[in-house]
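Below is one structure, written out as structure tokens; comments come after it.
The values are calculated or read from the model by the stated rules, or taken from the named source; none is laboratory data. Treat the numbers as computed from the prediction; the structure is a model and nothing was measured. Cβ sites come from the backbone with ideal geometry, for glycine too, and all protein chains shown count toward neighbours.
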Amino acid sequence: MDIKTYDLIIDTKTKHTALQVKDSFAYAVDNFTEPKAIYDLMVDGFRMDEKADEYVYMGAFNNRMKLLGMFEVSHGLCDASLLDARGVYMRALQIGASNIVVIHNHPSGIPLPSRDDFNVFRRIRDAGELLGIPLADFIVIGCGDFVSFREKDLLKL
């Protein structure tokens, strides 16, 4: 399958937001029902375990967890990144997502979720519930390891 990354742009003619393909690459896996498959994609395709700064990506999926597209929604510093639910869901709505997964790295290499991670997770989850586009998982990537909120049963917090 082709993995496409998108930018959200302003169409200069209509002054409305639009999606623009940023990059595309072939990837052997097309089923992302398991968090490990998403982790593998982010390490193999995006080198998330090697980033010196914090990056946040949002994967937009259909109702069968087929990937519609990936979005870089934030690029922060070595220990922080700004992320708002509006930016995440503008992209999800634009591509027609049925659910989303938010993935970010910890440059420290330790994927233990921070207090800020839990706060951001709740805001995004709650916004998704209102919009009918659930947050299917929130994944924190470290060096050689990851934490999936779904696997740890933290999505209900």
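Quick one: how many residues across the stretch 99-122 are over 14 Å from the mean Cα position of the chain (by Cα) and under 16 Å from residue 89 (Cα atoms)?
Residues meeting the conditions: 1.
Would you point out the residue of the stretch 30-63, among those that are out of contact with any Phe, Trp or Tyr (no Cβ under 8 Å at 6 or more places or on another chain) and of a type in the set (A, V, I, L, M, F, W, C), that is nearest to residue 83 (Cα to Cα)?
56
Can you list the strands (runs of 3 or more DSSP E) found entirely within the stretch 28-113 that contain at least 2 residues being aromatic (Phe, Trp, Tyr) and under 18 Å from residue 5 (Cα atoms)?
55-61
Please go through the stretch 77-127 and give me each residue that is hydroxyl-bearing (Ser, Thr, Tyr), under 16 Å from residue 137 (Cβ atoms) and modelled with pLDDT under 95, ordered by number.
none
Kindly indicate whether any position in the stretch 102-122 is surrounded by 13 or more Cβ atoms within 10 Å (Cβ to Cβ), touching a Ser or Thr at 6+ places or on another chain (Cβ under 9 Å), touching a residue at least 60 places away in the same chain (Cβ under 8 Å) and closer than 18 Å to residue 60 by Cβ.
The answer is no, given that none of the residues of the stretch 102-122 is surrounded by 13 or more Cβ atoms within 10 Å (Cβ to Cβ), touching a Ser or Thr at 6+ places or on another chain (Cβ under 9 Å), touching a residue at least 60 places away in the same chain (Cβ under 8 Å) and closer than 18 Å to residue 60 by Cβ.
Quickly run through the stretch 14-31 and pick out the residues that are among the charged types (D, E, K, R) and surrounded by 14 or more Cβ atoms within 10 Å (Cβ to Cβ).
The one that is among the charged types (D, E, K, R) and surrounded by 14 or more Cβ atoms within 10 Å (Cβ to Cβ): 22.
Say we look at the stretch 61-76 and pick out the residues that are among the aliphatic types (A, V, I, L, M) and over 18 Å from residue 141 (Cβ atoms); which of these is surrounded by the most Cβ atoms within 10 Å (Cβ to Cβ)?
The residue in question is 65.
In the stretch 132-148, how many are surrounded by 13 or more Cβ atoms within 10 Å (Cβ to Cβ) and closer than 21 Å to residue 86 by Cα?
Count: 8.
Looking for whichever is free of Cβ contacts under 8 Å to residues at least 12 places away in the same chain and surrounded by 14 or more Cβ atoms within 10 Å (Cβ to Cβ) here; the options are 44, 40, 11. Which one fits?
Only one candidate passes the filter, namely 40.
Within 14 Å of the chain's Cα centre (by Cα), part of a loop (DSSP other than H, G, I, E, B) and under 27 Å from residue 29 (Cα atoms): does that describe residue 133?
Against the criterion (within 14 Å of the chain's Cα centre (by Cα), part of a loop (DSSP other than H, G, I, E, B) and under 27 Å from residue 29 (Cα atoms)), residue 133 qualifies.
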